[in-house]
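To keep things clear, I will list the structure first and then write my remarks on it.
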Amino acid sequence: MVRCLLTRKAAMANDPATDRYRAVILDMDGTLLDSNAAHVHAWVEALREHGREVSEKEIWPWVGMGGDNLLPAAVGISKESAEGKKIAETRGEIFKSRYLPHLQPFPEVRPLLERMRRDGLKLVVATSSPQDEVEKAVDIVEARDLLDDITSASDAGKSKPDPDVVQAALDRLGLPAEDAVMLGDTPYDIQAAGKVGVRVIAFRCGGFRDPDLKGALAIYDGPADLLAGYDESPLG
């Protein structure tokens with residue numbers, strides 16, 4: 001178990017806001033829920049059903065984006081085109097029927113969220129996924145009673161790496177950016193949060209490597225690793 005993190009003293013030296021975080025913004029897919037591979041499979045299958053042959057390797061670099069950004073990046077299709085709308089609809093059907101019911105949270109997700117709540121932190125989900133998928137995901141990770149709010153694609157004009165959903169989470173919290181920190185697993189979480197001044201604690205469990213997570217405040221293997229090192233983390 002290899003961590004890349006700033007100690008509390010070092011974190012405070014680089015980020016004066018660390019000592020007064022009041023909320024944590026939570027990405028869902030790949031951060032709390034082990035679902036990134038399922039999203040990749042769903043996109044590949046949906047694209048193939050519509051005559052677009054792509055490999056999982058071609059989709060993986062873009063996981064964490066919503067369809068509005070993933071489709072142009074991966075295959076050069078606008079989600080707002082007739083073809084893009086059909087592909088996105090098929091992806092949703094495939095993901096919800098074939099994959100979502102079988103997903104599991106990463107280890108120690110609920111204990112980590114409980115620890116944060118005991119510390120007085122507000123918790124809000126901010127994800128690029130559609131609302132119905134997010135609602136099911138929240139139930140799978142057994143976190144509904146611990147959350148102050150949930151924001152999703154329906155609350156954002158554009159998906160990550162655009163900052164819309166992170167800003168929506170801040171608006172729901174009623175807090176300035178420096179009072180919040182985000183948990184995420186992709187470069188697009190870091191980019192989206194950074195555009196509104198929110199720092200990110202990144203996880204490797206979503207499948208990205210440390211160089212991909214450049215700019216994170218700290219990097220951990222996943223929720224269990226952060227919980228184990230919580231007192232020395234930027235949250236401790």
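The values are calculated or read from the model by the stated rules, or taken from the named source; none is laboratory data. Just so you know, these numbers come straight off a predicted model, no measurement behind them. Here the Cβ is made from the backbone with ideal geometry for all residues, glycine too, and neighbour counts use every protein chain on show. The area values use the complete protein model at the heavy-atom level, side chains included, leaving out ligands, DNA and RNA. Shrake-Rupley method; radii C 1.70, N 1.55, O 1.52, S 1.80 Å.
Just one of (1) over 13 Å from the mean Cα position of the chain (by Cα); (2) not in a loop (DSSP other than H, G, I, E, B) fails for Gly157. It is (2).
To keep it simple, each residue is scored yes or no on (1) over 28 Å from Val141 (Cβ atoms); (2) at pLDDT below 95.
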{"site": "Val44", "(1), (2)": "no, no"}
{"site": "Arg48", "(1), (2)": "yes, no"}
{"site": "Arg52", "(1), (2)": "yes, no"}
{"site": "Glu56", "(1), (2)": "no, no"}
{"site": "Leu71", "(1), (2)": "no, no"}
{"site": "Gly76", "(1), (2)": "yes, no"}
{"site": "Glu80", "(1), (2)": "yes, yes"}
{"site": "Gly84", "(1), (2)": "yes, no"}
{"site": "Arg91", "(1), (2)": "no, no"}
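Answer yes or no: is there a residue in region 119-127 that is in contact with a Phe, Trp or Tyr (Cβ under 8 Å, 6 or more places away or on another chain), aliphatic (A, V, I, L, M) and buried (at least 22 other Cβ atoms within 10 Å of the Cβ). Within region 119-127, none of the residues are in contact with a Phe, Trp or Tyr (Cβ under 8 Å, 6 or more places away or on another chain), aliphatic (A, V, I, L, M) and buried (at least 22 other Cβ atoms within 10 Å of the Cβ). Does Gly194 satisfy being among the small types (Gly, Ala, Ser), open to solvent by 20 Å² or more (accessible area, probe 1.4 Å) and under 13 Å from the mean Cα position of the chain (by Cα)? Spelling it out, it is not the case that Gly194 is among the small types (Gly, Ala, Ser), open to solvent by 20 Å² or more (accessible area, probe 1.4 Å) and under 13 Å from the mean Cα position of the chain (by Cα). If you take the residues of region 95-110 that are closer than 21 Å to Asp225 by Cα and open to solvent by less than 50 Å² (accessible area, probe 1.4 Å), which of them is farthest from the chain's Cα centre (by Cα)? Across region 95-110, the extreme among qualifying residues is Leu103. Looking across region 197-224, the residues that are without any contact (Cβ under 8 Å) to a residue 60 or more places away in the chain and open to solvent by 30 Å² or more (accessible area, probe 1.4 Å) come down to Gly197, Arg204, Arg209, Pro211, Asp212, Lys214, Gly215. Checked against (1) free of Cβ contacts under 8 Å to residues at least 60 places away in the same chain; (2) open to solvent by 70 Å² or more (accessible area, probe 1.4 Å); (3) touching a helix residue (DSSP H, G or I) at 6+ places or on another chain (Cβ under 9 Å), Glu114 meets all criteria but (2). Given the criteria without any contact (Cβ under 8 Å) to a residue 60 or more places away in the chain, surrounded by 21 or more Cβ atoms within 10 Å (Cβ to Cβ) and either over 20 Å from Leu227 (Cβ atoms) or in contact with an Asp or Glu (Cβ under 9 Å, 6 or more places away or on another chain) (or both), does Ser152 qualify? It is true that Ser152 is without any contact (Cβ under 8 Å) to a residue 60 or more places away in the chain, surrounded by 21 or more Cβ atoms within 10 Å (Cβ to Cβ) and either over 20 Å from Leu227 (Cβ atoms) or in contact with an Asp or Glu (Cβ under 9 Å, 6 or more places away or on another chain) (or both). In the set Leu183, Leu227, Leu235, only one residue is in a loop (DSSP other than H, G, I, E, B), under 18 Å from Leu123 (Cβ atoms) and either of a type outside the set (Asp, Glu) or open to solvent by less than 30 Å² (accessible area, probe 1.4 Å) (or both); that residue is Leu235.
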